[in-house]
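A short worksheet on the structure shown next.
Only the coordinates and a few stated rules stand behind these numbers; no lab work does. For clarity, every value in this text was computed on a predicted model and none was experimentally measured. Positions of Cβ are generated from backbone atoms using ideal geometry, with glycine treated the same way; all protein chains shown enter the neighbour counts.
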Amino acid sequence: MLIAIIAMGWSFFGCTEGAQFDTKLAPGFSAAHHSLSVFGVYKDGQMSSEAWATIGARLAVWLGQAQCPVGYASAASAHDGALIAAIDDYARADGPTDELLAQLAPAAKGDLILTITVAGRPPTPEKAPSLSGEANSGGGAGAMGGSRGRTGQPGGAERRSQAIDTNVLDMVASLFSVSERRSVAEVTMRYSGETVDDALTKFAQKLSTTLPGATCSDWDWSAPIDPDRIRASAATTE
């Protein structure tokens, strides 16, 4: 997993047709009625605005809104572009870790920061649009792929192997506490069904039952955040 959950004492397993879930909650964490500042989606080893554009509407419904403000997108205009560049450099090097979110936390108006990590794809890609919204052409570039690597075959070989394709889609929702400065919850779905739409439906339903009463909150990038410090933090962990 890309974001470590420290002292995660409670773990719950469950499954629905085509999906297996693992939920971890920190000891003492009450999961109901939180305001969430959505940071964004981590995919293919980097933060992805395109991926959130595809899944955001479905998850925003779980959070009681048609759309949620996304911190990664709104950070692009902050600090004359220096902040988004530092975030990109850090995420490519280390992922959206607790250390990064702790430095961004002063800008979050919610009490939790939500980050979604995506890897893999459903096993029948001809029925599933990619997270960038493009139709699958059978090639690796058009398929849903995550930071854990693609396992599909290129071109026609992939189309011929669809009947025995055993790829799965992994999605992880990580919740970082602004006040505690650490991750406090993680919901993981391993999906082996047919379509991205079905996967998102099941994931949103699971998040709704795990974190009931959650709502969207915004970001305020006028908060004191130092892009140079973020960049330096990434450099020290390489």
Under the rule of at least 5 residues apart or a separate chain, name every residue whose amide H is placed under 5 Å from the amide H of Cys216. Leu36
Using θ = phi - 60° and the Karplus curve 6.51 cos²θ - 1.76 cosθ + 1.60, what whole-Hz ³J(HN,Hα) does each residue of the range 218-225 get, with Gly and Pro shown as x? 9, 10, 10, 7, 7, 4, x, 10
Rounded to the nearest 0.05, what FRET efficiency do Ala32 and Ser74 have when you use their Cβ-Cβ distance and R0 = 25 Å? 0.40
Under 13 Å from a point placed 7 Å out from the Cα of Ala232 along the Cα-to-Cβ direction: which residues of the range 82-124 have their backbone N that close? none
Can you order the peptides 78-85, 106-113 by their average number of other Cβ atoms within 10 Å per residue, highest first? 106-113, 78-85
Express in nm, to one decimal, how much length is gained between Ser49 and Arg92 on full extension, taking 0.36 nm for each residue of separation and deducting their alpha carbon distance. 14.1 nm
